[in-house]
1. Out of all the residues in segment 586-630, which are out of contact with any Pro (no Cβ under 9 Å at 6 or more places or on another chain), assigned to a helix (DSSP H, G or I) and within 30 Å of GLN217 (Cα to Cα)?
2. Counting just the residues of segment 220-233 that are touching a strand residue (DSSP E or B) at 6+ places or on another chain (Cβ under 8 Å) and not in a strand (DSSP E or B), which one comes out most open to solvent (accessible area, probe 1.4 Å)?
3. Quick test for you: out of PHE526, PHE517, pick the one residue that is surrounded by fewer than 17 Cβ atoms within 10 Å (Cβ to Cβ), under 20 Å from TYR212 (Cα atoms) and either in contact with a helix residue (DSSP H, G or I) (Cβ under 7 Å, 6 or more places away or on another chain) or at pLDDT 90 or above (or both).
4. Tell me yes or no: at least one residue of segment 109-127 is modelled with pLDDT of 90 or more, farther than 27 Å from THR614 by Cβ, in contact with a Gly (Cβ under 8 Å, 6 or more places away or on another chain) and open to solvent by 10 Å² or more (accessible area, probe 1.4 Å).
5. Answer with yes or no whether VAL302 is farther than 21 Å from SER155 by Cβ and in a helix (DSSP H, G or I).
6. What's the total number of residues in segment 253-275 that are part of a helix (DSSP H, G or I), surrounded by fewer than 24 Cβ atoms within 10 Å (Cβ to Cβ) and touching a helix residue (DSSP H, G or I) at 6+ places or on another chain (Cβ under 9 Å)?
7. Looking only at residues that are of a type in the set (S, T, N, Q) and assigned to a helix (DSSP H, G or I) in segment 161-189, which one is nearest to the chain's Cα centre (by Cα)?
8. Please find, within segment 562-587, the residue that is nearest to VAL194 (Cα to Cα) out of those that are of a type in the set (Lys, Arg) and crowded, with 19+ Cβ neighbours inside 10 Å.
Amino acid sequence: MGKRSRQRQKNQPTGRDDRDNAGWGAGYADIVKENKLFEHYYQELGLVPAGEFEQFMDAMREPLPATIRITGYKSHAKEILHCLKEKYFKDIQEVEIDGQKIEAPQPLIWYPDEQAWHTNMSRKIIRKSPLLEKFHQFLVSETESGNISRQEAVSMIPPLLLKIESHHKILDMCAAPGSKTAQLIEMLHSDMDVPFPEGFVIANDVDNKRCYLLVHQAKRLNSPCIMVVNHDASCIPTLNIDLDGKKDILFYDRILCDVPCSGDGTMRKNIDVWKKWTTSNSLHLHGLQMRIAVRGVEQLAVGGRMVYSTCSLNPIEDEAVIAALLEKSEGALELADASADLPGLRWMPGVSSWKLMTKEGQWFSDWSEVPSHRRTQIRPTMFPPTDSEKLADMHLERCMRILPHHQNTGGFFVAVLVKKAPMPWNRRYPKLRRDVSSGSAVQAEGSPGAPTPADAPRLPESVPAAVEVGVGVEVEGGGGPEGKADTEAGAPKRALSAQETSAKVCGPPASKKMKLFGYKEDPFVFLTEEDPVFTTIQSFYDLAPNFPKRNVLTRTHDGKKRHLYMVSKELRNVLLNNSERMKVINTGVKVWSRNSDGEEFGSPFRLAQEGIYTLQPYIRSRIIRVSVEDIKVLLTQENPYLSKLQDDAHAQAKKLVMGSIVLKYNPNPNNPTEPQCPIQLCGWRGKTSIRAFVPRNERFHYLRMLGVEVFKEKQGLGQKGKDGDKEVVEVEEEKMEGVAGKEGGAAEKEAELDPQNGDENGSLEPKK
């Protein structure tokens, strides 16, 4: 989110904070859903088709349908979908509440592969029936384990329009609370057989506390390719990377620019917007939205795509920002036609004319009409371009506005921008030398790469020899393609002259000093390939020769390393080259945790469930291949004897010494009644028994996939039934402490199963 004062953050009625979460019931019964100014404003603008305004207002007053999205990249997404359709959705069709039959959930027709569903049920209705209560528990449990996200339907649109591939470098500029970020990560991991995709996601938010909410969302997906950072999006720093041994600037292939907005498209869920809405909100936010969008396109690679989106229907926050951005770009940006990208989605084309209204009800159609005392609040970029030919070339009709009554959703605006060339103020200027006799700047003879008049405007004589650009400082004799200039902290800065302003030369944005707020994070320390930690790990787990040791990091400089994490090669590159210029909140996925007495069992580090899918391809020993029945035993019994396993798994376990193990299930395509997705669990082989070390919600998830009914009674404790597919099981999250007493194994006092948000180095409880 962009930078705002703390007081404005408290008082600003934006719909940005909670719009990613689906509406599960209202509550605000005392708020009257009426706002005459709102109705008058949108009737006058004519954004709603003729004859549909009453439908539009009626839809705005209705509660928002609940929507869920299945995590698409995980190989067992099909199993979750099968479970939903064959069990819970069928049960729901038979339910009546107060004489009214509940509508069966329906897939969103425009979302690929039936991975998103919506229903008219509110949370209150869900809790009125035992069958619906089971469905609710299923949703909560699967959400915590990262397999389902409860997310508003229109919020799912921007990531789909980015067209992400596994090698893309992605920036999410205003990421919290993180539902869209989760989608980006899923798309990056579309191939589960690749533990480290070439691309990555950098998720940013200006609010330090909301960054930890972002960490919570990202951690559910256990990806080594996500980094959460804490910066003002309007001046997010330019990052450096090593490219073939040379310093280079990081440009992103895809950028999601989901800016803070007035949120009038969220009235169905954020009911308080009804009483707080005024046109002043849009006027206050327009400048911030412009600055964030400009900073985004500066960091976008040529050929890349940026999606700009808001949950506001107001053209001041939507088309006005896009039009101003296109005008500033001087042809470097183009609005992409995304009409065919989401077949089945209904949307209204963007408008090319609009008016502006003050909160007192005064209308302005053009900047020239604005009185002088209003010109600090109302800016020229809030109005449509006056040049009709230039306006037609912008193709603002390619913007997409989603109206609530068309498909029973929230209101939303989205536009897809493609970068065709460097931004004008980022282009390479000619080398300048100072004429001693006249004191003016002239172009050096034979200066390479001097732009032609078509490339860039001629610089005025007042421009100094060093020209500050949006992504660095271009010094005489240096430079290159967009922003790839040598950055020198002491270089003089350039201000726009009156002559330049009159000539409409696009100047660089003002530089801002980075300010760090919030809590100080633990350091990110990468291990060397010769680190003694790897000596026992290498031999105990028989790591493959191609295991990327340099990608392993810890969160402490001194003392024992309690946890080891892994990041992708590309994120390692970013971390090492930008430690002083960016504030990293969290990155990487935990792959090993220290045992208190682990040395006697071959390795001081046990495997962590969070990173098992990342790490397992490199492990060549300590693997037990298990069957469906074995997994049921391991997930429903606390400490089963080795003899409880089936013969094959039992024989494998007896060959292994005590210590951490991988329990691996490979699907049998000849038996469709069993899960058709691989399952990998962390476990511990004790002296006479074996156990799985899996967090509670993940246990529930795998048991459901195996056909075991998991339901927790409202009174608290669940009940254990008889063995079989209809068994009712309550599996509590267990600590590893006590293995030594029961098994003669390691007394892992420090190695508790971590809470969902991580551990002492990555938890939601920030440290000062």
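The values are calculated or read from the model by the stated rules, or taken from the named source; none is laboratory data. Please read these numbers as outputs of a predicted model, since none were measured by experiment. Heads up, the Cβs are rebuilt from the backbone with ideal geometry, glycines too, and the neighbour counts pull from every protein chain shown. Accessible surface is based on the protein model in full, side chains and every heavy atom, while ligands, DNA and RNA are left aside. Shrake-Rupley method; radii C 1.70, N 1.55, O 1.52, S 1.80 Å.
1. ILE612
2. ASN222
3. Of the residues listed, the single one that is surrounded by fewer than 17 Cβ atoms within 10 Å (Cβ to Cβ), under 20 Å from TYR212 (Cα atoms) and either in contact with a helix residue (DSSP H, G or I) (Cβ under 7 Å, 6 or more places away or on another chain) or at pLDDT 90 or above (or both) is PHE517.
4. Yes, there is a match, as at least one residue in segment 109-127 is modelled with pLDDT of 90 or more, farther than 27 Å from THR614 by Cβ, in contact with a Gly (Cβ under 8 Å, 6 or more places away or on another chain) and open to solvent by 10 Å² or more (accessible area, probe 1.4 Å).
5. no
6. 1
7. Among them, the one singled out is THR181.
8. Step one: filter segment 562-587 for residues of a type in the set (Lys, Arg), giving 562, 569, 572, 581, 583.
Okay, now just the ones that are also crowded, with 19+ Cβ neighbours inside 10 Å, so 572, 583.
Details: ARG572: 17, LYS583: 28 Å.
Here the residue is ARG572.
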